[in-house]
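Working notes, beginning with the structure itself.
The values are calculated or read from the model by the stated rules, or taken from the named source; none is laboratory data. Predicted model only: the values in this text are computed from it and were never measured. Glycine gets a Cβ as well: all are built from the backbone with ideal geometry, and neighbour counts include every protein chain shown.
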Amino acid sequence: MKTERLIGILSILLQKERVTAPELAAQFEVSRRTIQRDIESLCRAGIPVFTAQGTGGGISIMEGYRVDRTVLTAPEMQAILAGLRSLDSVSGTRRYAQLMEKLSAGTGGLVPGGAHMLIDLSSWYRTSLPPKIELIQGAMEQHRTIRFAYFSPREESVRVIEPYYLVFHWSSWYVWGWCRTRGDFRLFKLNRMTQLAAGEPFTPRPAPLPDLDEQRVFPPKYDVRVLFHPSCRWRLVEEYGADSFTEEPDGTLCFSHGFPDADSALSWVLTFGDKAELVEPEELRRQLGDLAETLAARYQRRK
């Protein structure tokens with residue numbers, strides 16, 4: 001794909017003083033004309049790439065830009081490598097690993113070996129997510145809308161958006177784009193999409209980066225206090241951190257946190273079974289009590 005090739009060309013130019021178009025064409029298995037178009041794309045992106053003709057000529061990056069901004073140490077290159085490998089875990093391919101192998105060949109250790117950092121962004125939905133990510137990436141590169149059915153806690157709807165960013169956050173994948181239904185930028189969770197398809201071309205508009213502050217996206221409406229059995233300590237530490245609770249004299253763990261809605265708070269507490277007691281707020285405590293009575297009646301043993 002073009003994006004991967006541009007990353008590769010830029011990495012080589014940052015590490016080598018000069019390289020020729022035929023060398024790049026051979027390394028990335030494309031034509032010289034394709035390399036020339038890629039160089040033009042890098043220039044349009046604001047990277048000072050220039051070419052020199054004749055003996056000793058080639059393609060290079062302005063010296064000041066290289067020295068002042070982009071000298072990469074081995075640990076920095078390892079971090080880049082780990083990031084690129086993580087993209088393979090999303091797509092289920094070795095596309096980026098193969099790119100890094102190409103960059104390593106004949107560069108005198110451009111990409112050092114012995115990686116100590118592994119990032120896996122795959123999920124339980126590894127069969128359904130990669131096709132969605134691939135389609136959205138293609139739509140963004142071609143400036144095409146995407147259309148999909150969307151399932152949210154409030155409604156089921158059909159949306160058409162202009163996609164701008166794929167976002168991995170809160171252990172899930174989202175797409176950030178201009179929603180034509182709402183007339184504003186919105187964040188959509190990929191796992192809630194069905195019937196995803198690319199649509200008509202659109203003219204890109206200035207797109208702000210998504211504000212992923214948890215307090216803004218999931219504003220807390222209910223400040224809950226829950227008492228947990230000591231055996232739940234590991235899970236509280238894993239999900240909310242060691243500072244999310246205090247230990248009472250009897251060993252009970254007192255947990256405090258804000259939840260955006262009643263359903264998320266109640267469903268989370270219920271996953272702990274009889275090892276949790278919701279203390280506050282009283283409104284949710286009553287709801288949980290009513291729910292417990294309903295469940296008890298539903299699952300009461302038949303005589």
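Summary table
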| read-out | value |
| --- | --- |
| In the range 25-56, residue farthest from the chain's Cα centre (by Cα) [restricted to those that are within 23 Å of residue 88 (Cα to Cα) and assigned to a helix (DSSP H, G or I)] | 27 |
| Every pair of residues 6+ apart whose Cβ atoms lie under 8 Å, when the first sits in the range 182-206 and is assigned by TED's automatic domain parsing to the domain that holds residue 161 and more than 17 Å from residue 139 (Cα to Cα) while the second is in a strand (DSSP E or B) and not aliphatic (A, V, I, L, M) | 184/178; 191/172; 191/173; 192/150; 192/151 |
| Residues (closer than 20 Å to residue 152 by Cβ and either in contact with a helix residue (DSSP H, G or I) (Cβ under 7 Å, 6 or more places away or on another chain) or part of a loop (DSSP other than H, G, I, E, B) (or both)) located in the range 203-238 | 210, 211, 212, 213, 218, 219, 220, 221, 222 |
| Test set (1) at pLDDT 95 or above; (2) within 30 Å of residue 149 (Cα to Cα); (3) in a helix (DSSP H, G or I) - residue 196 fails condition number | (3) |
| Top-ranked residue in the range 114-139 [being hydrophobic (A, V, I, L, M, F, W, C) and modelled with pLDDT under 70; ranked as farthest from the chain's Cα centre (by Cα)] | 115 |
